[in-house]
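Reviewing the structure listed below.
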Amino acid sequence: MSVLLGSAAATTSARGQERAQPVPTAESERDRVVRDFEQGRSAHLAGRLEEAELLYLRTWARLKSVEIAANLGQVQLVLGKPASAAKHLAYGVRTVGPEIEPQRLARMLALLEAAKARAGTLQVRVKNVADAEVYVDGERVPEDAVKHELYVEPGEHTLVIRRAGYEDEVVRLVAAPGVTETVMPELKPKAVKAPETSAAGAKVPGAGGSKGAQGAAAAAKGEAKTKAPAAGARVEEQRSWVPVIALGAASAVGLGVAVGFTVASNDASADAHRYSDVLARANEQCIAPRGEFMETCTQTSDAASRAGTMGDLALGSYIVSAGLAIAAAAYAVWPNPQKSTETAVRVTPFGGSRTAGVIVAGAW
C-alpha cells in the first residue's frame with residue numbers, strides 16, 4: 001500500500017471537517033494538531049506503524065478531517081484492525097470535498113473496500129422509533145454514526161437497542177468478514193402497571209360500611225399471621241444469597257482481568273514475532289548485532305519479556321477467578337443448616353449424706 005500523504009500534493013488542511021465541531025480559536029491547539037499529524041506521518045513513512053497510529057489517534061481526538069481519517073484508517077488496516085480502519089476510511093470518503101484529486105479518492109475507496117472485506121458490517125434501522133440508542137458490546141454508538149454502516153471485528157457481538165418508555169431489544173449475532181447484517185427491530189412499549197387491589201379483592205366501602213371495613217382488615221390481618229411450627233419440627237433457615245452474588249461478581253472481575261492480560265500477552269507475542277521476522281529477513285542475530293539492528297533486538301527482547309509476564313498474570317487471574325466461581329457454586333448448593341423447634345425438659349435426681357434434690361434442665 002502507498003502512503004496516502006506521501007506525495008507532494010499532501011497537505012495538513014482540515015478538508016472534510018465536521019461543521020458541528022469547530023476548532024478552538026487558540027492557535028496553540030491548531031499547532032499541536034499539525035505537529036502530531038506531521039510526526040505521525042513521519043512515523044508512518046518510516047514504518048513505525050504503532051507510533052503512527054497513536055499520533056494519528058491523538059490528532060483525531062482534537063480534529064476530524066479527511067486527511068487524518070484516511071491515514072489513520074490505512075495504518076489500522078495494516079495493523080490488522082479492519083473494523084476501526086473501515087470506520088475511519090468511511091468517514092473520510094463521506095466527507096471529502098470536491099477539490100480532492102480523483103486518484104486519492106480512488107485509493108481511499110480501494111482501502112475502504114479492503115477493510116470491509118475483513119470486517120463485519122452492520123446496518124441498524126429501528127422501525128417505529130427514530131432516536132433509539134444503539135450499544136455494540138456495551139459501548140454506545142454515537143448518534144450520527146448510527147445513520148451509517150457500523151463495522152465490527154468478525155465474531156460474536158451483542159447489540160442493545162434502547163429508548164425511554166420501551167423495552168430493550170437485545171440482538172446477538174455472529175459477524176462474518178465481508179458480510180453486511182441488517183437489523184430492523186420494532187421496540188415494544190413498556191407495559192403500564194395496573195393499580196393494586198386489596199388482599200380480599202373487595203372494593204373499599206364508604207363511611208356507612210365502617211364495620212365491614214374493620215372486619216375485612218381483621219380478616220386480612222389474621223391471614224397474614226405466620227403459623228408457628230409444630231413442636232419437634234425442623235425449620236430450614238432462609239439462605240442469604242449475598243455471598244453468592246459477591247463471589248460471582250469477584251469471579252467475573254477476575255475473569256475480565258485474565259482476559260485483558262491474555263490479550264496483552266498475545267499482542268506482545270505478536271510484536272516479538274514481528275521483530276524476529278525483521279531480523280530473520282535481514283539474516284541478523286542478537287548475540288552481536290550490527291548497530292542498525294540493536295534497537296530491533298532490544299524491542300524483540302522487551303516484547304518477549306512482556307508477553308511472558310502478561311501470560312503469567314493471566315494464568316494467575318484465571319486460577320483466582322475459577323476458585324471464586326467454585327466457592328460461589330459450593331455455597332449455593334450446600335444444604336441449609338436447620339434449627340430445631342423441639343421443646344424438652346430433663347429432670348435428674350441427686351442425693352448425698354446430708355442433701356437431696358433434683359436438677360431440672362430445659363430448652364425451648
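The values are calculated or read from the model by the stated rules, or taken from the named source; none is laboratory data. None of these values were measured; they are calculated from a predicted model. We place every Cβ from the backbone using ideal geometry, glycine too, and count neighbours over all the protein chains shown. Ligands, DNA and RNA are stripped out before the accessible areas are found, and what is left, the full protein with its side chains, is counted by its heavy atoms. Shrake-Rupley method; radii C 1.70, N 1.55, O 1.52, S 1.80 Å.
Assorted remarks:
- Residue check, G232 surrounded by fewer than 17 Cβ atoms within 10 Å (Cβ to Cβ) and at pLDDT below 80: yes
- Among the residues of the range 279-299, those that are in a helix (DSSP H, G or I), surrounded by 14 or more Cβ atoms within 10 Å (Cβ to Cβ) and modelled with pLDDT under 80 comprise L279, F293, T296.
- Candidate set from the range 106-117 (those that are of a type outside the set (K, R) and open to solvent by less than 50 Å² (accessible area, probe 1.4 Å)); member that is farthest from V179 (Cα to Cα): M108
- Scanning the range 136-157 for residues that are open to solvent by 50 Å² or more (accessible area, probe 1.4 Å) and not in a helix (DSSP H, G or I) yields a total of 11.
- Residues in the range 29-45 that are touching a residue at least 40 places away in the same chain (Cβ under 8 Å) and either touching a helix residue (DSSP H, G or I) at 6+ places or on another chain (Cβ under 6 Å) or open to solvent by less than 80 Å² (accessible area, probe 1.4 Å) (or both): 1 in all.
- Looking across the range 326-364 at every residue that is of a type in the set (A, V, I, L, M) and under 53 Å from the mean Cα position of the chain (by Cα), the one that is modelled with the highest pLDDT is identified as I326.
- Counting only helices (runs of 4 or more DSSP H) that sit wholly inside the range 46-100, not one has at least 2 residues that are in contact with an Asp or Glu (Cβ under 7 Å, 6 or more places away or on another chain), open to solvent by less than 40 Å² (accessible area, probe 1.4 Å) and more than 24 Å from D271 (Cβ to Cβ).
- Every residue from the range 131-167 that is over 17 Å from the mean Cα position of the chain (by Cα) and within 19 Å of K190 (Cβ to Cβ): D131, A132, R163, A164, G165, Y166, E167
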